[in-house]
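The values are calculated or read from the model by the stated rules, or taken from the named source; none is laboratory data. For clarity, every value in this text was computed on a predicted model and none was experimentally measured. Cβ placement follows ideal geometry from the backbone for every residue including glycine, while neighbour counts extend to all protein chains displayed.
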Amino acid sequence: SAVISQKPSRDICQRGTSLTIQCQVDSQVTMMFWYRQQPGQSLTLIATANQGSEATYESGFVIDKFPISRPNLTFSTLTVSNMSPEDSSIYLCSVDGEQVNTEAFFGQGTRLTVV
Amino acid sequence: QKEVEQNSGPLSVPEGAIASLNCTYSDRGSQSFFWYRQYSGKSPELIMSIYSNGDKEDGRFTAQLNKASQYVSLLIRDSQPSDSATYLCAVSSNYQLIWGAGTKLIIKP
């Protein structure tokens, strides 16, 4: 299984500011996924990040609000822009195996509180 | 809209008993099914995967899959307080994982 390092693990931010979350994987992966998990809720996919192309965003999420970078096969960042208290959530980076229909592996998550 | 349904709970089970967690899914074409455990404040961790009809056992955990009924379950035998967590069901559909809302399990000593 892949080892995923995500940072920061938590942050408290002022509304209107931006936070960039980093995700580093110990092996090369084609796709990296960014999820949001609001308190007491399940996982919601924000976007899928492929190296060398623009991220693919799910319905309800836009690039201006959640810009993603994927400079190489082991690293990605997610920025939460112009934050509001509604953005308070856990953000999770995930990868899967290189074969179709395999399980997901997660980073430790970033607990974001916007005040 | 492809969906995965779970009872949100909480499901309370006495220590030592069998905990039974259930999940239904809407996409008949799904081929892979996963159970994750998530402790409060932590990220999900995979505990079981199942790909074919029937039962799959791993220690105290048994996953059961019935594709005809579009139903997957997780049994935890000899439940321990450390099993108290939220259990997420995930189903692979069109190269994407569809997640259930999770069932909160409480094991009472």
Exercise. Where in the range A:42-115 are there strands (runs of 3 or more DSSP E), lying wholly inside it, with at least 2 residues that are within 13 Å of chain B (Cβ to nearest Cβ) and of a type outside the set (A, V, I, L, M, F, W, C)?
Worked result: A:43-50, A:89-96, A:110-114
For this session: Scan the range B:40-66 for residues that are modelled with pLDDT of 95 or more and more than 14 Å from B:A90 (Cα to Cα) and jot them down.
Result: B:N53, B:G54, B:D55, B:K56, B:E57, B:D58, B:G59, B:R60, B:F61, B:T62, B:N66
Exercise. If you go through the range A:1-41 one residue at a time, how many are of a type in the set (D, E, K, R) and either assigned to a loop (DSSP other than H, G, I, E, B) or closer than 13 Å to A:S69 by Cα (or both)?
Worked result: 2
Problem set entry | Residues of the range B:67-93 satisfying the condition of being free of Cβ contacts under 8 Å to residues at least 24 places away in the same chain and surrounded by 12 or more Cβ atoms within 10 Å (Cβ to Cβ) | B:S84
Exercise. Is there a residue being modelled with pLDDT of 95 or more and not polar (S, T, N, Q) anywhere in the range A:41-49?
Worked result: yes
For this session: Kindly check whether there is at least one residue in the range B:6-21 that is at pLDDT 95 or above, among the charged types (D, E, K, R) and within 15 Å of the chain's Cα centre (by Cα).
Result: no
Seminar exercise, completed: The strands (runs of 3 or more DSSP E) lying wholly within the range B:9-109 that contain at least 1 residues that are within 12 Å of chain A (Cβ to nearest Cβ) and under 28 Å from A:I90 (Cβ atoms) are B:19-25, B:32-38, B:45-50, B:85-93, B:96-99, B:103-108
Problem set entry | Breaking point among (1) surrounded by 14 or more Cβ atoms within 10 Å (Cβ to Cβ); (2) on the phi > 0 side of the Ramachandran plot, for A:V95 | (2)
